[in-house]
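Colleague: One structure, pasted below without further comment.
The numbers here are math on the coordinates, done by the rules we state, and not lab data. Note that the coordinates shown come from a computational prediction; the quantities given were computed from them, not determined experimentally. For neighbour counting, all protein chains shown are included, and Cβ atoms are generated from backbone atoms with ideal geometry for every residue, glycine included.
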Amino acid sequence: MRLATVDKDGGTQAVVVAEGTVAPIEGPNGPFSDVGALLQAGEEGWERAREALTSDRFEEYEESALRRPVLNPGAVVCVGLNYKTHILEMGRELPSNPTYFSKLPRALTDPFAEVPLPGASGRVDYEGELAVVIGRGGRDIAPEDTWDAVAGLTVLNDVSMRDYQRRTIQWFAGKTWEASTPFGPAVVTPDELDYPGGLELIVEVNGEERQRAPIADLVFDVPELVSDLSKIFTLMPGDIIATGTPGGVGEAMGSFLADGDVVEVTITGLGSIRNRFREVR
């Protein structure tokens with residue numbers, strides 16, 4: 001199943017996506033406002049999504065109507081240095097434990113939105129990533145129980161202001177700029193995916209390939225990350241975990257994003273997000 005959030009009738013609503021069309025997912029008081037609201041409804045939300053999938057309410061939609069699937073997640077946790085190629089290109093040793101940092105939810109933006117290039121930073125970079133959206137969640141989740149706690153997977157671009165990121169040993173300042181981190185276009189449930197072997201991540205900048213890596217190259221994979229984080233805090237429906245980026249980032253090549261650049265991040269089976277970067281005027 002593919003779950004998304006779209007603009008509709010002056011608001012937003014959760015939909016199920018099938019063959020280029022969408023159907024609204026009706027809750028007890030009308031459509032769920034986003035995928036996050038659906039997940040917070042628990043099994044009732046999933047039952048309503050299954051009903052929508054077999055309904056006659058499907059209609060066409062414009063790509064521009066797609067919003068980020070979860071509008072206001074409770075937590076956005078990112079993993080740094082989680083692909084061997086990226087670790088080596090940054091001159092570091094392979095880690096024995098995951099490196100975590102967080103983003104504010106207001107750092108997120110939509111899968112096809114324009115992303116502002118702030119005048120305060122001259123070193124804006126892309127990082128294509130696989131993202132996990134928590135479903136049932138929980139605390140102290142065993143690795144073998146991970147997929148029961150996960151709603152699905154999606155695509156994310158961890159846009160980074162490298163000059164601010166490198167100001168101190170803490171990365172937060174370079175990672176959480178407002179409306180800088182697009183994700184989507186949909187949350188795809190695990191049963192539809194060949195994880196990890198069938199998934200590959202590709203990033204193009206203005207049509208030029210910059211990153212390509214199999215998801216199987218993750219140092220710490222989805223079950224390990226979900227289990228580990230659930231020891232630290234209770235994972236809640238709609239929480240997001242960005243799993244890290246492979247080699248090929250702009251910083252390693254001394255090439256940063258400029259006005260008008262278009263970055264497209266694609267993961268096999270999950271779709272693509274595509275964003276044009278514009279100077280703030």
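Colleague: If you fit an axis through the alpha-carbon atoms of helix 43-53 and take the longest principal axis of the Cα set of the chain, what angle between them do you get, 0 to 90°, nearest 10?
Modeller: 80
Colleague: When only C-alpha pairs under 8 Å and at least 6 residues apart count, what is the relative contact order of the stretch 135-249, in percent?
Modeller: After rounding, I find 34 percent.
Colleague: Obtain the radius of gyration and the Kirkwood radius of the chain from its C-alpha atoms and give Rg over Rh. Write down the numbers at each step before the final one.
Modeller: On the way: Rg = 17.9 Å, Rh = 18.8 Å.
Rg divided by Rh gives 0.95.
Colleague: Here is a further query. What is the dipole size for the stretch 2-66, taken about its Cα centre, with +1 at each Lys and Arg Cβ and -1 at each Asp and Glu Cβ, in debye to the nearest 20? Before the final figure, lay out each step's value.
Modeller: Values: 5 positive and 14 negative charges, 33 e Å.
So the magnitude is around 160 debye.
Colleague: By a straight-distance test (C-alpha under 28 Å), which lysines pair with K231 as possible cross-link partners, with residues fewer than eight away in the same chain excluded?
Modeller: Reachable lysines: K84, K103, K175.
Colleague: Taking the Cα centre of the chain as the origin, how large is its charge dipole in debye, to the nearest 20, when only Lys and Arg (+1) and Asp and Glu (-1) carry charge on their Cβ atoms?
Modeller: 1060
Colleague: If you line up the long axis of helix 222-232 against the longest principal axis of the chain, both from Cα atoms, how many degrees apart are they, to the nearest 10?
Modeller: 90
Colleague: What residues have an amide H closer than 5 Å to that of K8, excluding those fewer than 5 places away on the same chain, when H is modeled at 1.01 Å from N in the peptide plane?
Modeller: Distant-sequence amide H within range of K8: Q13.
Colleague: Quick check on the stretch 2-66: of the DSSP beta bridges with both residues there, what percent are antiparallel, nearest 5%?
Modeller: Values: 16 of 17 bridges.
Of all bridge pairs located within the stretch 2-66, approximately 95 percent are antiparallel.
Colleague: Once phi is turned into ³J(HN,Hα) by the Karplus curve 6.51 cos²θ - 1.76 cosθ + 1.60 with θ = phi - 60°, what whole-Hz value does each residue of the stretch 175-181 show in order, with x for glycine and proline?
Modeller: 10, 10, 4, 4, 6, 9, 10
Colleague: Can you put Y100, Y195, Y164 in order, fewest other beta carbons within 10 Å first? If you can, show how the numbers build up before the last one.
Modeller: Values: Y100 14, Y195 17, Y164 20.
Going from sparsest to densest Cβ surroundings: Y100, Y195, Y164.
Colleague: Using each residue's phi in the stretch 80-91, evaluate 6.51 cos²θ - 1.76 cosθ + 1.60 at θ = phi - 60° and report the 3J(HN,Hα) Karplus result to the nearest Hz, with x for Gly and Pro.
Modeller: Couplings: x, 6, 10, 10, 4, 4, 5, 4, 5, 5, 8, x Hz.
Colleague: Roughly speaking, what is the stretch gain from T21 to T268, that is 0.36 nm per residue apart minus the C-alpha to C-alpha distance, in nm to one decimal? All intermediate terms of the calculation are to be shown ahead of the outcome.
Modeller: Working: separation 247, 0.36 × 247 = 88.92 nm, distance 1.96 nm.
Going from the current span to full extension adds 87.0 nm.
Colleague: Still on this structure: Work from the charge dipole of the chain (Cβ charges, +1 for Lys and Arg, -1 for Asp and Glu, about the Cα centre) and give the residue of I141, H86, S102 farthest towards its positive end.
Modeller: S102
Colleague: A further question on this structure: Going by C-beta contacts inside 10 Å, put K175, K8, K231 in order with the fewest on the left.
Modeller: Details: K175 25, K8 17, K231 9.
The fewest-first ordering by Cβ neighbours comes to K231, K8, K175.
Colleague: Mind listing the phi-derived Karplus ³J(HN,Hα) values for the stretch 18-32, rounded to whole Hz, using 6.51, -1.76 and 1.60 with θ = phi - 60°, and x for any glycine or proline?
Modeller: Ordered by residue, 3J(HN,Hα) equals 8, 6, x, 10, 10, 10, x, 9, 7, x, x, 10, x, x, 5 Hz.
Colleague: Something else: Work out, step by step, the length gained on full extension between R276 and A252: first 0.36 nm times the residue separation, then minus their alpha carbon distance; give nm to one decimal.
Modeller: 6.5 nm
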